[in-house]
1. Being in contact with a strand residue (DSSP E or B) (Cβ under 6 Å, 6 or more places away or on another chain) and either under 18 Å from T317 (Cβ atoms) or hydroxyl-bearing (S, T, Y) (or both) is the filter here, so list the residues in region 385-406 that pass it.
2. Give me a count of the residues in region 203-240 that are in a loop (DSSP other than H, G, I, E, B) and open to solvent by 10 Å² or more (accessible area, probe 1.4 Å).
3. Looking at this structure, is T267 in contact with a strand residue (DSSP E or B) (Cβ under 9 Å, 6 or more places away or on another chain), hydroxyl-bearing (S, T, Y) and more than 26 Å from C449 (Cα to Cα)?
4. Consider only pairs whose beta carbons are under 7 Å apart and that are at least six residues apart or on different chains; among these, list those whose first residue lies in region 289-300 and is closer than 10 Å to T327 by Cα and whose second residue is open to solvent by 20 Å² or more (accessible area, probe 1.4 Å) and among the basic types (K, R).
5. Out of S417, S436, report the one residue that is under 28 Å from R302 (Cβ atoms), hydroxyl-bearing (S, T, Y) and assigned to a helix (DSSP H, G or I).
6. In region 331-364, how many residues are within 22 Å of the chain's Cα centre (by Cα) and closer than 18 Å to A398 by Cα?
7. Please enumerate the residues belonging to region 43-99 that are on the phi > 0 side of the Ramachandran plot and either within 33 Å of the chain's Cα centre (by Cα) or of a type in the set (V, I, T) (or both).
8. So, in region 162-173, of the ones that are open to solvent by less than 70 Å² (accessible area, probe 1.4 Å) and not polar (S, T, N, Q), which residue ends up modelled with the lowest pLDDT?
Amino acid sequence: MINSVFFKKKGRIGELLVHKGKITKGELDRALAHMETVSQGLGEILISLGFISEQDLVETLAEQVEIEVYRPDPIDEFLPIELSKIFHREHPFAMIRRAGKLLLVANNPLDGDILSSAELLFRDDFEVQIATEPVLRPILHEHYALTPEDTLDDGSIGREESADIDKLKDMASEAPVIKYVNNLIDTAVKRRASDIHMEPFEEGFYIRLRIDGILHEYEITPKTMQAAVVSRTKLLAGLDIAERRLPQDGKIGIRISGKELDLRVSTMPTVYGEGVVIRILEKGNIILEMNQLGMQPEMERRFKNIISIPDGIILVTGPTGSGKTTTLYCALNHINSGTNKIITLEDPVEYQLHGINQIQVRPEIKLTFAKGLRSIVRQDPDVIMVGEIRDLETAEIAVQSSLTGHLVFSTLHTNDSISAVARMIDMGVERFLISSSLRAILAQRLVRCICQECKCPRGKISEFLDTRSEAEDFTMYRGRGCEACSNTGFVGRIGVYEFLEISDALGKGISQGLDLLDLRRIADSEGFTPMYADGLQKVRDGITTYSEVVRVTRSAMHEPV
């Protein structure tokens, strides 16, 4: 007989399931990794991933704590439980008298609140048995008047909404939905997608994959699948499936084909339902070496020199998804000698870097870029990376930090390098502070690389541009499309850059209030190479196509047909 909240456990539940042949060691490892990202127990995760049934879990749990699985019997007498409906619904159990023996039947027999309540109410020895939810639910409904429609007293969840939530959970736990979402993620990883877009429209639920920066249609699923697929994704990410009016963010940690992946999930309400975007981040696939970024040798040499100085601000500019964070990570990795202290402030922390102190911005608790940066300075760092300069307060603290002996890295959303100066002025930073603190600006974009398996000549550049001499003419290449590139003609991406060092002349021009056109003239006179020229060199080298360079730089006058 059990009259204590403590059970003697016989092994771990995951190991018992592997021993019983219910799951494999790999499936257990995947579920354990997932536990780090969601607030669910191992059993719930294994069921949600489709690895085991609830019956498998109940039988194994019963074996683990050495109790019996409840089997209904016609002689069972269901005893009244004097508890509030709110508590009883949150901690469901039944008390049964069977042939003079008292039984406590619950889906979660390890719930200490259930055991304590039963001891106080019945003051007698009882035997604990475990039941599956399909067995326990009708008992609670028939004998204790507990139904999914019961509401909390504050009225936050109505009867219809509560029933709808339970229905969504049931739909999301059905095997076809589980299999569909798992296959979608697996396919996206195999096709090298960076994002999965689930978009609800009137005519259907569109699924698209972003591969090498371009969205490709995957399929259009029936509207009847929409709620189940979205709910399934939200459950995996530990999000509230009852909240469909506000955006939510979550993450999933999984392992696919030996790859450790972080999936960042973002939901957004639209007029046709919730849209979902899943960002796929492969932990072992981040570029950390400068020579893999695609800079020309001379630019790479100059960039390495500038990031080795002891103080000042270095900015990386470009639109969202242009690889700015990867470039900054490479720069930090290059100067991470172990003799300096490096602290980053990011939103979000995309990858964890060895030997570098990384901080996640959390606006909900008022840990903003500005507040975090102010605290970072008191941690005696040598190098600081701020994910983005978004406002005057952050900009001013970054400038002051650079002027007091710190090397500061950050990003701005501008079209080119020289525009970063105008952006800081627009924020309200004094010109003399910009000229004295800013050391260099790197602007960048990402272009798709031609597939090497189906690469073939396209024609001469002179067919599309007016070249001044034969020396400037060269053969361009393209990808025909093959199985290796999913018939796109491209595999992977590489950066195109323009690098602007703030020389004495440029610094003086900024202080004097020269406009951007005059500042560009000074840069050009000092040998500045624009991003388009760097892209054109990559076309000459057969790395990318001319149309790709035009697409990302918008600097060409003509585009190939």
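1. Within region 385-406, M385, V386, G387, E388, I389, A398, S401, S402 meet the criteria.
2. The number of residues fulfilling the criteria is 7.
3. yes
4. Every condition considered, the pairs that remain are M290/K304.
5. None of the others qualify; the one that does is S436.
6. Number of matching residues: 11.
7. Hit for region 43-99 is G50, nothing else.
8. My answer is A163.
The values are calculated or read from the model by the stated rules, or taken from the named source; none is laboratory data. Since the model is a prediction, treat every value here as computed from it, not as a measurement. With ideal geometry, Cβ positions are generated from the backbone for all residues, glycine too; neighbour counts draw on all protein chains shown. Accessible surface is based on the protein model in full, side chains and every heavy atom, while ligands, DNA and RNA are left aside. Shrake-Rupley method; radii C 1.70, N 1.55, O 1.52, S 1.80 Å.
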